[in-house]
Each structure stands twice: as C-alpha cells, then as structure tokens.
Amino acid sequence: MVKVYYDDSVKEDTLKGKKIAVIGYGSQGHAHAQNLRDNGHDVIIGIRAGKSADNAKADQFDVFSVAEASKQADVVMVLLPDENQGTIYEAEIKDNLEAGNSLVFAHGFNIHYDVIKPAADVDVFLVAPKGPGHLVRRTFVEGSAVPCLFAVYQDATGEATQNALSYAKGVGGTRAGVIETTFKEETETDLFGEQAVLCGGTTHLVQAGFETLVEAGYQPELAYFEVLHELKLIVDLMYEGGMEKMRNSISNTAEYGDYVSGPRVVTSDVKAHMKDVLTDIQNGNFAKGFIDDNNNGFKEFHRMRAEQKGHQITEVGNKLRDMMPFIDQNK
Ligand SMILES: NC(=O)C1=CN([C@@H]2O[C@H](COP(=O)(O)OP(=O)(O)OC[C@H]3O[C@@H](n4cnc5c(N)ncnc54)[C@H](OP(=O)(O)O)[C@@H]3O)[C@@H](O)[C@H]2O)C=CC1
Ligand SMILES: CC[C@](O)(C(C)=O)C(=O)O
Ligand SMILES: [Mg+2]
Ligand SMILES: [Mg+2]
C-alpha cells in the first residue's frame, strides 16, 4: 500500500527560515509563491521584466533577476516553461547554486530527458501539484488543496526527502495527500495524463461530440451546452464521489446508455492508440518533437493553436459564457 503523506506526517518543517526563490510567476509560480508565503516561508521571485514581474510586485513580493534570486536563495524552484528551462538554467541558475542548495522542479521533464544536468553537490527534487496552478492557489485560499507528488533525484545533503516534504506542505499539498514517486514516473505519467485523457483526450472527445451533433443539423448552442458545459457538472460529481456518485445522480436511461454506448466510442482501438502515445513518451519521441519544434520557433505549435482557436465551438462558447455572469472567466 502506497504511503500518503498528510500535514501530520510532516513533523519537521525543514525549509522554515530558508530562503526560497520561485523562478517564474506564471500559473504554478504565483500559486507556489503565495501559498508558501501564507504558510510562513521566506519567498523571493526570480523573473525577467514584464507582465509576470509586474504581477509579482503587485502581490508585494521582492522581485529580482533569475540570476540574482538564484544566488540569494537556499532553495531554487524552477517554474519556467519546460521548453525554456534548459537555456535559462545554463545562463542564469547553474553558476549561482552553492553546494547544499536545493534545485527543485514541479515537473521532471528536463531532468528525465537529460536537458538539465545538475552539479553533484546540490539536492534535486520535485514537488508536482496534480492540478493547474490557478487551482493550486484557489483551493488553498478556500481551505482545501490539490494533491502533490514528490521525488528525490539527488540527495547531496541527506535532507532532500525532508525538504521536499516541507515544500509540499508549504504549497498546501499535504492537506490533500502527497505521494512519493520518481522523476521518470512523474514525467511519463504526467505527460500521458495530459495528452491522452485530461487535455488532449477530453478536448478532442468534446469537439467530436459537438461536430457530430452540429453536422447532423442540431443547433450549435445546444450542442455546446450538451457536450462541454455539462461536462463540468458531470466531472464535479466524479470528483466528489467517483463514477459511482455520478452514475447514481444521472437517470437510469443515461446510465444504461453509458454502459451500452461508451465502449462503442472508446473502443479497444482507443486504448491501443493510448499505448502508442505512452510509447512515444517513454522512448523520448514526444520530448524530441516538442524540443525540436521549440528550436524551430514553435511553428507547428502555433499553427495547431491557431487552428483550434478557429473551431466553431470557441465562438459559440464565448457567446454563451458572456450570458452567464456567474462564470468568472478571469478567475
Ligand atoms: N501549468 C500548470 O498548472 C502546471 C505546470 N507544471 C510545471 O510547472 C512549470 C511551470 O509551468 P507553468 O506554470 O505552466 O508556466 P507558465 O508559462 O504559466 O509561466 C512561466 C513563467 O516563466 C516566466 N518566464 C518565461 N521565460 C522567462 C525567461 N526567459 N526569464 C525569466 N522568466 C521567464 C514567465 O514570465 P513572462 O510573463 O515574462 O513570460 C512566467 O512567469 C513547468 O515545469 C510545468 O510543466 C506542473 C504542474 C501543473
Ligand atoms: C494537466 C496538465 C498539467 O500536467 C497539469 C495542470 O497538471 C500541465 O502540465 O499543465
Ligand atoms: Mg500535471
Ligand atoms: Mg504537465
């Protein structure tokens, strides 16, 4: 049985009194920095000039360049885009780490795929929230939390595990549960989850459902409510009580249709394709494609982003959400 760490399991808050530099103030950065500070940690921000830096200053943080923050800190948490971490680490972080410092990540990508090769005298660990950064902050403020994973890649001081747990507690993760993993397992499962189910799988399932209804002559607005808006309400029930609670709340008609038609849509072919996706993650093909495209100015990424934005579901959704003031699109 896996050990799950909760607040009570982390007796030694070893990072209290140490200086933590959060590098980057985007989705994860703003949440880690604010949650850690609210839990009594000493946090500074390392960031370039621009919107994120302005946000960090507006949130009353001391803001420095990436190099200066890395130099001042005992713990350097790298919350930059994965595709830029290698370059910024070489230019601004590497030479500012001292023996015994901690180099920390929220995703194992750059260590696992050998982009960043840290010096042997620093601790290297990850604390990876299993949820979007804005929800890491929102749930923390509401009194709950997003669960986290932690993993130790390199333990130079002998204190890396305790420090990782102290960090996980600082961002609120131990309120919900924190599980130990490895950089390999975190990287591969996170990439698989976001590609096959959480993001890629879900968006393309929703779009296919929307297109099927619209192409059959049904109203696009109705199709949006049916396959996108209501998805949240269904997933909320699964979040609260698993598939059982959701199936208990829907009609018998819907539950019967779930069993009869679900497997007609998500066929054994789909699982075979999922296995292909996992293989490309495990053998490094996905990482190579992502890194190569970034080196090529992200041409393919920007083409796909523009194509998706042009889909009819975007326009219909924007119009319908504008009519629902209780949905705060800027939250
Ligand atoms: N998004 C998420 O919810 C999750 C992310 N992660 C991981 O967390 C890490 C951060 O991802 P995420 O929060 O999405 O990243 P974001 O893109 O939201 O934020 C990146 C931050 O890095 C800053 N930045 C970019 N380039 C530079 C630079 N050259 N110098 C200094 N600062 C720079 C950006 O500032 P600017 O405004 O100036 O561009 C921004 O503040 C990644 O490893 C990711 O895999 C893990 C779990 C979930
Ligand atoms: C699901 C996407 C994610 O892995 C996350 C929010 O956990 C990410 O990389 O943003
Ligand atoms: Mg994730
Ligand atoms: Mg991810």
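Summary of values
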quantity: Residue within region 63-76 that is away from ligand 2 (no atom under 16 Å from the Cβ), in a loop (DSSP other than H, G, I, E, B), within 23 Å of Gly173 (Cα to Cα) and assigned by TED's automatic domain parsing to the domain that holds Ala49 present; calculated: yes
quantity: Among the residues listed as Gly201, Gly209, the single one being within 16 Å of ligand 2 (Cβ to nearest atom), more than 28 Å from Lys3 (Cα to Cα) and not hydroxyl-bearing (Ser, Thr, Tyr); calculated: Gly201
quantity: Among the candidates Asp59, Asp38, Asp42, residue that is over 22 Å from Gly143 (Cβ atoms), of a type outside the set (Gly, Ala, Ser) and modelled with pLDDT of 95 or more; calculated: Asp42
quantity: Of all residues making up region 136-164, the number that are buried (at least 22 other Cβ atoms within 10 Å of the Cβ), within 15 Å of the chain's Cα centre (by Cα) and not in a loop (DSSP other than H, G, I, E, B); calculated: 5
quantity: Qualifying residue in region 32-42 (condition: without any contact (Cβ under 8 Å) to a residue 40 or more places away in the chain, part of a strand (DSSP E or B) and surrounded by fewer than 24 Cβ atoms within 10 Å (Cβ to Cβ)); calculated: yes
quantity: Residue count, region 58-92 (criterion: within 16 Å of ligand 4 (Cβ to nearest atom) and of a type in the set (Gly, Ala, Ser)); calculated: 0
quantity: Filter result (assigned to a strand (DSSP E or B) and either surrounded by fewer than 22 Cβ atoms within 10 Å (Cβ to Cβ) or of a type in the set (Lys, Arg) (or both)) within region 165-191; calculated: Ile179, Glu180
quantity: Whichever residue in region 43-60 is more than 23 Å from the chain's Cα centre (by Cα) and either not in a loop (DSSP other than H, G, I, E, B) or not polar (S, T, N, Q) (or both) and, among such residues, is farthest from Ser166 (Cα to Cα); calculated: Ala49
quantity: Region 282-299, residues that are assigned to a helix (DSSP H, G or I) and touching a residue at least 24 places away in the same chain (Cβ under 8 Å); calculated: Gln282, Phe286, Ala287, Phe290, Ile291, Asn294
quantity: Any hit, region 228-239, residues being away from ligand 4 (no atom under 16 Å from the Cβ), in contact with a Phe, Trp or Tyr (Cβ under 8 Å, 6 or more places away or on another chain) and at pLDDT 95 or above; calculated: yes
quantity: Region 115-133 - residue that is outside any loop (DSSP other than H, G, I, E, B) and more than 16 Å from ligand 3 (Cβ to nearest atom) and, of those, nearest to the chain's Cα centre (by Cα); calculated: Phe125
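Every residue, every condition in (1) within 14 Å of ligand 4 (Cβ to nearest atom); (2) in contact (Cβ under 8 Å) with a residue 12 or more places away in the chain; (3) outside the structural domain of Asp8 (by TED's automatic domain parsing), yes or no:
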residue	(1), (2), (3)
Ser102	no, yes, no
Asn110	yes, yes, no
Asp121	no, yes, no
Pro129	yes, yes, no
Glu142	no, no, no
Asn163	no, yes, no
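The values are calculated or read from the model by the stated rules, or taken from the named source; none is laboratory data. Just so we're clear, the structure is a prediction, and the values are computed from it rather than from any experiment. Backbone-built Cβ (ideal geometry, glycine too); neighbour counts: all protein chains shown.
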